[in-house]
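No lab work stands behind these numbers, since they all come straight from the coordinates. Note that the structure is predicted; figures quoted are calculated from it, not measured. A quick note on method: Cβ atoms are made from the backbone with ideal geometry, for glycine too, and the neighbour counts reach across all protein chains shown.
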């Protein structure tokens, strides 16, 4: 799946609005829906980053955040945008494994890749579920 400049702008706006809502500790946020976002949100809900989401209409999605009981911070940390229209980051699964092996982190990390099949959420702890020759453009990182 080839990503166009307009789609890149949608990803950047999504990350900016999501990070703004996380920093303000909002309970939910309404964002524009784009192709493949539902799969990413389902993965985030399965891994416990968000409570869930609902489709308001065909162009808008409402995301409900999960908070910690200790200090009330959102479980989802600010999302880091890894690609821009001026700088694209392409990565194979082999390079991604190497990158995650050298950056030993306690936090669970997920990457969103734009592949031929569409957007996919990749868990760095579970590479076995993906085919060995998976690769694509790194869009953003979720901690």
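Assorted remarks:
- Order of 86, 114 under a 10 Å beta carbon neighbour criterion, fewest first: 86, 114
- Ranked 7, 54, criterion: other C-beta atoms within 10 Å, fewest first: 54, 7
- FRET efficiency estimate (nearest 0.05) - Cβ-Cβ, residue 57 to residue 23, R0 25 angstrom: 0.40
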